[in-house]
1. Nearest 10 degrees is fine. How inclined is helix B:275-299 to the longest principal axis of chain B, computing both from alpha carbons?
2. Compute the signed sum of charges (Lys and Arg +1, Asp and Glu -1) over the other residues within less than 13 Å, Cβ to Cβ, of A:V277.
3. Just to confirm a number: summing +1 for Lys and Arg and -1 for Asp and Glu over residues other than A:D119 whose beta-carbon lies under 14 angstrom from that of A:D119, what do you get?
4. Between B:A253 and A:R41, what is the label-point separation in nm under the 7 Å Cα-to-beta-carbon projection?
5. How would B:L236, A:L108, A:L35, B:L306 line up by accessible area, probe 1.4 Å, largest first?
6. Among all the aspartates and glutamates, which ones have a C-alpha under 15 Å from B:K74's C-alpha, if same-chain residues fewer than 8 places away are not counted?
7. Report the accessible surface area buried between chains A and B, summing both sides, using a 1.4 Å probe on protein heavy atoms only, in Å² rounded to the nearest 100.
8. Determine how large the accessible area of B:M350 is when every protein chain is in place; take a 1.4 Å probe and give Å² rounded to the nearest 10.
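The values are calculated or read from the model by the stated rules, or taken from the named source; none is laboratory data. Predicted, not measured: the structure shown is a model, and the values here were computed from it. Ideal geometry is used to build each Cβ from the backbone, glycine not excepted, and the neighbour counts take in all protein chains shown. Side chains included, ligands, DNA and RNA excluded: accessible areas come from the protein's heavy atoms. Shrake-Rupley method; radii C 1.70, N 1.55, O 1.52, S 1.80 Å.
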There are 2 protein chains.
Amino acid sequence: VLGTIYDHGPISRAEIARRTELTRTTVSGVVADLLASGLTREVGRGPSTGGKAPILLELVADGRYLIGLDLGDKTFNGALVNLRGEAVHTVARDVDNRDGEAALTLVLEIVDQLLAEADRPVLGIGIGTAGLIDTNVGMVIEAVNLDWRDVPLGTLVHRRSGLPVYVANDSKAAALAAFVFGEARTDNLVVIKVGKGIGAGIVIGGRLFQGDGFGAGEIGHMTMESEGALCRCGRLGCLETLASSRAILARLAGSAIDPEAPLREVARAAASGDAQVLTVVRQAGAALGRAIGWLISVLDIERVVLIGQVTELGEPWLVAVQHAARASALPVLGRSAVIEIGEQGDAGVMLGASALLMTRELGINLAPLHPVSGRPGSLAAAEELAG
Amino acid sequence: VLGTIYDHGPISRAEIARRTELTRTTVSGVVADLLASGLTREVGRGPSTGGKAPILLELVADGRYLIGLDLGDKTFNGALVNLRGEAVHTVARDVDNRDGEAALTLVLEIVDQLLAEADRPVLGIGIGTAGLIDTNVGMVIEAVNLDWRDVPLGTLVHRRSGLPVYVANDSKAAALAAFVFGEARTDNLVVIKVGKGIGAGIVIGGRLFQGDGFGAGEIGHMTMESEGALCRCGRLGCLETLASSRAILARLAGSAIDPEAPLREVARAAASGDAQVLTVVRQAGAALGRAIGWLISVLDIERVVLIGQVTELGEPWLVAVQHAARASALPVLGRSAVIEIGEQGDAGVMLGASALLMTRELGINLAPLHPVSGRPGSLAAAEELAG
C-alpha cells in the first residue's frame, strides 16, 4: 500500500485497492495505520467518478529520515535524507589515508553526527563502500583499499545506532540508483566506479545482479598484464594498476603534477597541452576501455555509466575509453554501446544505499535484487543481525 | 496443465487443479483436449484419499516429435526426438568446410531427411548454431565460421517445412540444456563451447541471459592481444586466435600432427610425451582460462561447464584452463569456481534447442529466457514469421 502511495500519490483508497488487488476494507485499515504513523497524509479530494469525491492520500516525504553513507576514496560522505531521497543535512569528512580501525571509527563518528541532527524518526542506515560485501549480513568480506577483511560493518554500526543497517558495494548501490532514479530506465545497465579502486554494478532485467558470492563486477582485479605492476591485492597487472586514480598519479611522478593533487588538476594540465600528461590520461582510459570491451563481450549490455573521481579527467579520457572498448569487442556489439559519464556522480552511491534500505524497511519495491544463493551460515548470521 | 503433467505425472486431475490453482472444471476441460490430441493418457488409478481412487494422467512421450539440429564445426547433427528429449532417429552429415549457401542447403537436406522419417506429428524444429542469433525472429545476425550474415535461417527452414522453427546460439542452447536437464541445477551457470569458434551461454537466476542484442557470451572475439594474430572477424588477437581448435592445429603446423586431424590425436600425442604438442595444448588452455578469469570477475558465477571439440584435449588442457582462470580473478572469487568438462557434450545443443521449442509450442516452462528488449522491427518480423 505504501509503495503504491509512493509511486502514484496523491491517490484515493479505491484506486489503491484496485492497484494492489486488496479489498477496500484491508486498504482502509492499512491506511489508518500509515496516517497514525505519520508516513501518509490526506491532501484534499480528487475528481468524483459518480459518487462523493474521494479523499486523496500522499506520502509525507519528511515523515521519516534515512541515513546514507558513501565511503569514498578521499572523503566519507554522509547525509540525512527524506523518503524522496532529498538530503536534509550532510557531513563530509576527509579520509586522510585512514584505513583499518581508524576508518571504522570515522564511519561511527559520522553516524553519530547525523543522528544528532535528526529531528524525525530515522528508519535505518544505508552504507555504500568499495569492496566485496555480503549484503545479507552487512559483512565486508574484502575491501583492499580500506584494508578491511571480514569486517562486520553492518553489525558494528547497528550496535552503535540501534538501527537497521544495509551495507552494499558502492558501484552496485550506484547502479541501483541509476536504474531507480536515473532518466534512462533500461532493463540492463552497468555502472563502473573508477577511483582508487575500480568496481562495477550490474543491473540485469531490472534487478541488481550480485553473482554467486556477491562478487559480480569485481573487475578492478582482472589480470590485464600478467607481467604487469604489483597490485595492492598482491597479484600482478590488475586493471587497477593501469586505470585507477592511484595508477594515473603514480605514472605522473616526476612531472609537475603533485601526486596528492585532485584529478581535476591532471585534467587541466592535459587540456593546456601537456603532452606527457595527455598520454598518461589516454593510456589509463584505453586500459579501462579494454576491460569494458570484455565486459560488453560477456554481457552485451549497451548502457555503461562511469562514475568516480577519475571521471574528472573528462573528454580526452572518455574518448580513449570509448575507442578502446569498441575495439575490444565484436563490432556488432561495440557499435551500439553507449559509454558515458554519469549525471548523478557519487551521490548515486548514497541514494542507492538508501533505496536498498527503504526496500527492506518499508517494503517499497524500489530496488530489487537478484537472489544470492549465499555461502553457508549467512542466513543464520543475517537473523542474528536482524534480531 | 501439460507442464504440470510433464513435471509431476502420473498425476490426478485434482492434484493438477491444486498445483495450477485452476478450478477442477477447467482442468477437466483441458485434460479432455489433451487426451483427444494424444499428448496425455490415463494410466490407472492412484491411492484413494477417502473417496474413489483418482485416475492418473501421464505425458505420452511419443505423442509428438521434435526436430533438433546442431550445426557443429565439422558435422551438422540432427535428431527426431520425443517429448522427453529421447532421440528416435538421427542424421549426421559432414560439413567438409561448406559455408554460405552450401551450408544452408545442407541444413535443409537434413530437415527433409528427418521429416521423411517422422511417423508422428512433428511440433517444430529447434536449431542450435554458432554465431549471434536474434532468437525473436530466428535471424543469424553473424556467424563468422559459416560465413553467414543476416541470414533469416528460421524463415527459410519454416518455408521449407511449414513448421515453427526456433533458432538459438549453440552455447546458449547448451547452457539451457545443462540447466534444465543437467544434474546440478544451480541458478547461475555458464557453458562455454570451444571448437572452431568460442562462445558462452549464460544462465542467470534460472533464465538464459542474452543481453540487449542477443550477444551476451560472445567471448570468442574479446581482444586478448592487441598485436596478436589476424582473426577471421578481421581484427587482431581475439580469443579464437589463441584457444580455438583452428588456432591449436595451426600452431602444430610442421609437427607430426595432420592439420585436419581430430583433436583426439593431439591429445594422444600430448599424452605420449610430445613436449611441443603439450606446450601448445597448455598455452591454448591458459588463454581460455584467462578469459574465464575475466568472466568470473564480471559475473562471479561459480559453475563453468566446457563443451565442444577442444574438450577432447582432456586433463592437461583442463588443468591449464583452471589454473589460468584462478590466477586471473580475485582469489576470493577464483577459489570457489568449479570449471569442468560437460557430461552432455554436444548433445546438449540439440536438447537445449528442443527445450526452447517445447517452451514456445507447448507452453511447458522448461526453458525460460530473460526478455531481450530487441531492436526495432524485430517483433513485427517475429509476427510475420509466426503468421
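1. With both axes taken from Cα atoms, the answer is about 50 degrees.
2. Working: positive: A:R251, A:R264, A:R268, A:R282; negative: A:D258, A:E265, A:D274.
It works out to a net charge of +1.
3. Numbers: positive: A:R64, A:R120; negative: A:D62, A:E117.
That sum, taken over residues with Cβ under 14 Å, equals 0.
4. Taking the simple label geometry, A:R41 and B:A253 are separated by 7.9 nm.
5. Working: B:L236 80, A:L108 30, A:L35 55, B:L306 0 Å².
So the residues, ranked largest to smallest area, are B:L236, A:L35, A:L108, B:L306.
6. B:D94, B:D96, B:D99, B:D147, B:D170, B:E260, B:E312, B:D346
7. Numbers: alone 17110 and 17150 Å², together 30840 Å².
What A and B bury together is about 3400 Å².
8. Approximately 40 Å² of B:M350 is accessible to the 1.4 Å probe.
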